[in-house]
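A.B. asks: The following block contains the structure, expressed as structure tokens.
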Amino acid sequence: WLMWRDPLAALPRPGVAATEAVADERRIDGRRLFHVNLVDPIIGSIGFTVSLPDSLPAARLPVVMVLGGLGRGADNIAPVRAPGANALIGFDWPMPPRLPRGSGFVLQAPDLYGRLTATPGQIVAALEWAAIQPWADPDRISLLGFSLGALAAPAAQRLAQARGRSIRWTVLAYGGAGLGDI
């Protein structure tokens with residue numbers, strides 16, 4: 001169950017329509033926030049929080065996907081102050097915020113491994129969803145990876161490029177390892 005899989009195998013297939021559910025819309029500090037859940041038969045449930053300016057400008061917005069530490073996307077975009085005329089997307093990690101320990105870890109390892117290998121594909125699916133939204137500029141999509149996100153961002157960028165999706169900027173911070181290891 002811990003066999004190495006090609007990360008490209010964990011991508012949704014082209015032409016597979018994901019089911020979309022939008023919920024929990026609210027307004028905070030001049031921003032409109034809502035949660036999106038996509039469901040793909042291959043990579044499972046993909047959750048993320050979108051933050052847009054209350055008043056959308058006439059031009060399409062640059063998109064910044066924030067990949068923070070384990071947890072929900074809303075928590076990962078909360079520290080971004082004064083985001084201006086940008087769309088922020090905070091990715092919900094498919095992993096539990098606290099990993100099991102001891103025998104619990106051994107028992108849950110196959111499930112955790114499956115979630116881990118699906119994560120880059122889930123990130124790309126969320127970016128592809130964002131790229132087709134009327135408020136998004138598909139030519140100005142960037143990734144901000146900090147903590148665990150700094151480790152996942154390069155894998156997601158590789159998969160996005162394999163799908164023909166360009167990522168304009170990738171910023172990595174606080175990856176928990178020396179720069180050479182990252």
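Listed here are the residues, each with its yes/no results for (1) among the aromatic types (Phe, Trp, Tyr); (2) in contact with a Lys or Arg (Cβ under 9 Å, 6 or more places away or on another chain).
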residue: 30; (1), (2): no, no
residue: 33; (1), (2): no, yes
residue: 51; (1), (2): no, yes
residue: 61; (1), (2): no, yes
residue: 66; (1), (2): no, no
residue: 73; (1), (2): no, no
residue: 84; (1), (2): no, no
residue: 89; (1), (2): no, no
residue: 93; (1), (2): yes, yes
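A.B. asks: Run residue 93 past the list (1) in contact with a strand residue (DSSP E or B) (Cβ under 6 Å, 6 or more places away or on another chain); (2) closer than 14 Å to residue 145 by Cα and report the number of the one that doesn't hold.
C.D. replies: Unmet for residue 93, out of (1) in contact with a strand residue (DSSP E or B) (Cβ under 6 Å, 6 or more places away or on another chain); (2) closer than 14 Å to residue 145 by Cα: (1).
A.B. asks: Helices (runs of 4 or more DSSP H) wholly in the range 70-182 with at least 3 residues that are modelled with pLDDT under 85 and open to solvent by less than 50 Å² (accessible area, probe 1.4 Å) - which ones? Talk me through it step by step, then tell me what you get.
C.D. replies: Values: elements: 73-77, 103-131, 148-162.
Fully inside the range 70-182 and qualifying: 103-131.
The values are calculated or read from the model by the stated rules, or taken from the named source; none is laboratory data. All values reported here derive from a predicted model rather than from experimental measurement. We place every Cβ from the backbone using ideal geometry, glycine too, and count neighbours over all the protein chains shown. Each accessible area value is taken on the protein alone, full model and side chains, heavy atoms only, with ligands, DNA and RNA left out. Shrake-Rupley method; radii C 1.70, N 1.55, O 1.52, S 1.80 Å.
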